[in-house]
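All of the numbers you see were taken from the coordinates with simple rules; none came from a lab. Quick caveat, the model's predicted, so the values are computed rather than measured. Positions of Cβ are backbone-derived with ideal geometry, glycine not excepted, and every protein chain shown enters the neighbour counts.
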């Protein structure tokens, strides 16, 4: 029987390597709340560029709200680093850069086609993970980054093993190292909730796509009917 991989432990071993520290990392971010802890965790070890690429988010007004919140959080972290506010742990490391990808809902629609009835976390979601991670791998190769990674593993609702499997397969395809992670471990998700409260971040109540929004509305309606 194959042993279950501990991606958090693999990440810790990498961050302890002096040869890795200070490397450039392209970090795909799904939203500001999820990225809050991940940025705090990684910034002491990597020169970070956040890649905001989420063509799944619907409607466009929701996309704009989320990307602006991401930019606001990064500005606050960088201000703390520069000593403009009282820094905590988030004040260590290098300034964080942000790269906003194109908003391409048609690309998400293409991978979701035929998978409209899949449950949350199923085949449609896995196709969406690959869409966003592939774009990240492409940008990482173009920008000559040492690593690419994603904040998605901080969510208790996301399959970290599947995300890491996709990331490692794309790493082999594009020739850019993938940073293994399971950021929800060791209280990572709880810390993201604390940081979201501390920075007053907008926390959406659905993953992003129209299908997840419909599922969330259905759950709300069921609770109202109880």
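Going from the residue with the fewest nearby Cβ atoms within 10 Å to the one with the most, 220, 141 rank 220, 141.
The DSSP beta bridges internal to segment 21-225 are antiparallel in roughly 0% of cases. Taking a label point 7 Å from the Cα of residue 214 along the Cα→Cβ vector, which residues of segment 112-129 have an amide N closer than 12 Å to it? So the set is 113-120. Ranked by the mean number of other Cβ atoms within 10 Å of their residues, highest first, the peptides 99-107, 208-216, 66-74 come out as 66-74, 208-216, 99-107. Take every pair of alpha-carbon atoms less than 8 Å apart whose residues are at least six positions apart; their mean separation over the length of segment 31-112 yields a relative contact order of 44 percent. Here r is the Cβ-Cβ distance between residue 23 and residue 199 and R0 is 22 Å; the resulting FRET efficiency, rounded to 0.05, is 0.25. Extension gain for residue 225-residue 100 works out to 40.9 nm (0.36 nm per residue, less the C-alpha to C-alpha distance). Stretching residue 142 away from residue 123 to a fully extended chain increases their span by 4.0 nm, per 0.36 nm per residue minus the current alpha-carbon distance.
Label segment 1-117 by shape, choosing from rounded, prolate and oblate, from the square roots a ≥ b ≥ c of the eigenvalues of the Cα gyration tensor; if a/c is under 1.5 it is rounded, and otherwise prolate applies when a/b is larger than b/c, oblate when it is not. Here segment 1-117 falls in the oblate category. By definition, a body whose alpha carbon gyration tensor gives a ≥ b ≥ c is oblate when a/c is 1.5 or more and a/b is not larger than b/c, and segment 21-225 fits this oblate description.
Taking packing as the residue-averaged number of other Cβ atoms within 10 angstrom, the listed peptides 171-182, 187-198, 143-154 run from highest to lowest as 143-154, 171-182, 187-198.
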